[in-house]
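The values are calculated or read from the model by the stated rules, or taken from the named source; none is laboratory data. Note that the coordinates shown come from a computational prediction; the quantities given were computed from them, not determined experimentally. Heads up, the Cβs are rebuilt from the backbone with ideal geometry, glycines too, and the neighbour counts pull from every protein chain shown.
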Amino acid sequence: MFSEEACEYIQSLHGLFIALEEPLRGGDYEGCRALSRRCGVPIILSESFVRVGQFPLIEGEPSFWAVNIRVSKMGGLLRACTVAARAKAAGISIVVGAQVGETSIFTRVALAVVDRYRDIVIAQEGAFGTHLLEFDLCESPLMFGRGGFLTDILFHDRPGLGLSRAP
């Protein structure tokens, strides 16, 4: 559960963030629901949401939730798109990204999910490339640059998700 002091602090930060990611023990849907209701901020489910079969736990109250869809966590592009489609049908927002330390391959695949479901995306993560990795599997790794923007995403017309193997 959460304390009244914690909720007051969250409310004092109004306007500085759009949602809280996993603020309570993993799987505590009731606690997160109560926190969202009391503090007026959506909860981003990350570790607590790993498969489409968990939607019955959150459907019916879309303003309380956002689902963090990381392609590797969901089990690949098709499963990530299945979760995104179900979220869209339920009116639930999503965060899309790659986990810290993943290569440009996962960043690029995540961009496909973002492109298809952009109307429900509230945030995107990933594109750390060699900011965090010593070596990325791709030549010209996808990385965020100035202002948090991707350095090169114009590769829709190239094979292999627009990526090349590093030498």
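For this structure, a couple of remarks:
- Qualifying residue in region 23-31 (condition: out of contact with any helix residue (DSSP H, G or I) (no Cβ under 8 Å at 6 or more places or on another chain), assigned to a helix (DSSP H, G or I) and in contact (Cβ under 8 Å) with a residue 24 or more places away in the chain): yes
- Which listed residue, of A112, A6, is modelled with pLDDT under 90, over 14 Å from the mean Cα position of the chain (by Cα) and either surrounded by 17 or more Cβ atoms within 10 Å (Cβ to Cβ) or not in a loop (DSSP other than H, G, I, E, B) (or both): A6
- Criterion applied to F17, F49, F64, F55 was being farther than 15 Å from V113 by Cα, surrounded by fewer than 17 Cβ atoms within 10 Å (Cβ to Cβ) and of a type in the set (F, W, Y), and the one residue passing it is F17.
- Here I69 does not qualify as closer than 26 Å to R108 by Cα, touching a Ser or Thr at 6+ places or on another chain (Cβ under 9 Å), of a type outside the set (F, W, Y) and touching a residue at least 40 places away in the same chain (Cβ under 8 Å).
- Filtering region 115-145 to residues that are among the aliphatic types (A, V, I, L, M), touching a strand residue (DSSP E or B) at 6+ places or on another chain (Cβ under 9 Å), surrounded by fewer than 18 Cβ atoms within 10 Å (Cβ to Cβ) and part of a loop (DSSP other than H, G, I, E, B) leaves only L137.
- Sole exception among (1) in contact (Cβ under 8 Å) with a residue 24 or more places away in the chain; (2) closer than 27 Å to L57 by Cβ; (3) not in a loop (DSSP other than H, G, I, E, B) for Q99, by number: (3)
So that you can scan it fast, the table gives a plain yes or no per residue for (1) in a loop (DSSP other than H, G, I, E, B); (2) modelled with pLDDT of 95 or more:
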| site | (1), (2) |
| --- | --- |
| L35 | no, no |
| V50 | yes, no |
| V67 | no, yes |
| A84 | no, yes |
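- Only one entry of V71, V83, V52 meets the criterion of being over 20 Å from G145 (Cβ atoms), within 10 Å of the chain's Cα centre (by Cα) and aliphatic (A, V, I, L, M), and that entry is V71.
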